[in-house]
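**Q** First the structure, then my questions, so here it is.
The values are calculated or read from the model by the stated rules, or taken from the named source; none is laboratory data. Treat the numbers as computed from the prediction; the structure is a model and nothing was measured. We place every Cβ from the backbone using ideal geometry, glycine too, and count neighbours over all the protein chains shown. In case anyone asks, the SASA skips ligands and DNA or RNA and just uses the protein heavy atoms, side chains included. Shrake-Rupley method; radii C 1.70, N 1.55, O 1.52, S 1.80 Å.
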Amino acid sequence: MLMRTDPFREMDRIVQQLSGTSGTWSKPSVMPMDAYREGDEYVIAFDVPGVSTEAIDIDVERNMLTVKAERRPVAKADAMKMELSERPLGVFSRQVVLADTLDTERIQADYDAGVLTLRIPIAERAKPRKISIRGEAGPKQISS
């Protein structure tokens with residue numbers, strides 16, 4: 001599995017913190033993730049706490065997986081006065097380039113305790129298989 005990275009992500013985060021713009025709606029922020037292989041599938045877990053499932057969008061186009069989530073501000077009542085707002089708001093996104101060996105038609109998505117977990121099975125065509133050889137002595141099996 002190959003992941004697209006942004007070499008300037010950490011620099012952008014530091015600039016946002018220093019300038020006090022980390023909670024604005026200016027541009028998408030990157031969401032943290034873990035990725036690992038478990039048996040015959042890859043698992044990708046994204047941190048999206050405080051986001052409802054309706055505000056999460058998952059797209060796959062060819063081998064590009066895009067996950068977007070939007071954390072909206074708390075609905076303000078007339079009597080409510082915000083005293084402190086440190087949680088980042090706005091759109092968070094992440095793109096992952098998936099290997100051709102993965103079956104993007106069978107991706108499963110679960111959301112629990114602020115973690116979006118995607119399970120992507122390895123395609124049948126990418127799994128090891130036996131190939132028979134025909135020759136003078138008859139068919140012969142070779143293990144791969």
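**Q** How much solvent-accessible surface does residue 127 expose, in Å² to the nearest 10, with a 1.4 Å probe and all protein chains in place?
**A** Counting only protein heavy atoms, residue 127 exposes about 50 Å² to solvent.
**Q** Using a 1.4 Å probe and counting only protein heavy atoms, arrange 131, 122, 58 so the residue with the most accessible area comes first.
**A** 131, 58, 122
**Q** Students sometimes get this wrong: rank 30, 48 by accessible area, probe 1.4 Å, all chains present, largest first.
**A** Numbers: 30 55, 48 5 Å².
I get 30, 48, largest accessible area first.
**Q** I need the phi-derived Karplus couplings for segment 32-42: 6.51 cos²θ - 1.76 cosθ + 1.60, θ = phi - 60°, integer Hz, Gly and Pro marked x.
**A** x, 8, 10, 9, 7, 9, 9, x, 9, 8, 9
**Q** Could you give each residue of segment 43-59 its phi-based ³J(HN,Hα) in whole Hz, using Karplus coefficients 6.51, -1.76, 1.60 with θ = phi - 60°, and x for Gly or Pro?
**A** Each residue of segment 43-59 in turn: 10, 10, 10, 10, 7, 9, x, x, 10, 7, 4, 5, 9, 10, 10, 10, 10 Hz.
**Q** If you wrap segment 36-81's Cα atoms in a convex hull and average its projection over all directions, what's the area in nm²? Don't jump to the answer; show the numbers that get you there.
**A** Working: hull surface 20.1 nm².
Computing the convex hull of the Cα atoms and averaging its projections yields 5.0 nm².
**Q** Right, next: So what's segment 30-144 giving for Cα Rg divided by 2.2 N^0.38 Å, two decimals? Intermediate values should be presented prior to the final figure.
**A** Details: Rg = 21.9 Å, N = 115, 2.2 N^0.38 = 13.4 Å.
Its radius of gyration relative to the 2.2 N^0.38 Å reference: 1.64.
**Q** Between residue 30 and residue 76, how high is the FRET efficiency from 1/(1 + (r/R0)^6) when r is the Cβ-Cβ distance and R₀ = 25 Å? Nearest 0.05. Mind showing how you got there, number by number?
**A** Values: r = 28 Å, r/R0 = 1.10.
The computed FRET efficiency comes out at 0.35.
**Q** Accessible area of residue 93, 1.4 Å probe, to the nearest 10 Å²?
**A** Per-residue accessible area (residue 93): approximately 30 Å².
**Q** Under the rule of at least 5 residues apart or a separate chain, name every residue whose amide H is placed under 5 Å from the amide H of residue 42.
**A** The list, which skips near neighbours in sequence, is 120, 122.
**Q** Could you give me the ³J(HN,Hα) list for segment 92-101, computed from phi with Karplus coefficients 6.51, -1.76, 1.60 and θ = phi - 60°, whole Hz, x at Gly and Pro?
**A** Whole-Hz 3J(HN,Hα) from phi for segment 92-101: 10, 9, 8, 10, 10, 8, 8, 5, 5, 7.
**Q** Can you give me the distance in nm between label points at residue 66 and residue 131, each placed 7 Å from the Cα along the Cα-to-Cβ direction?
**A** 3.8 nm
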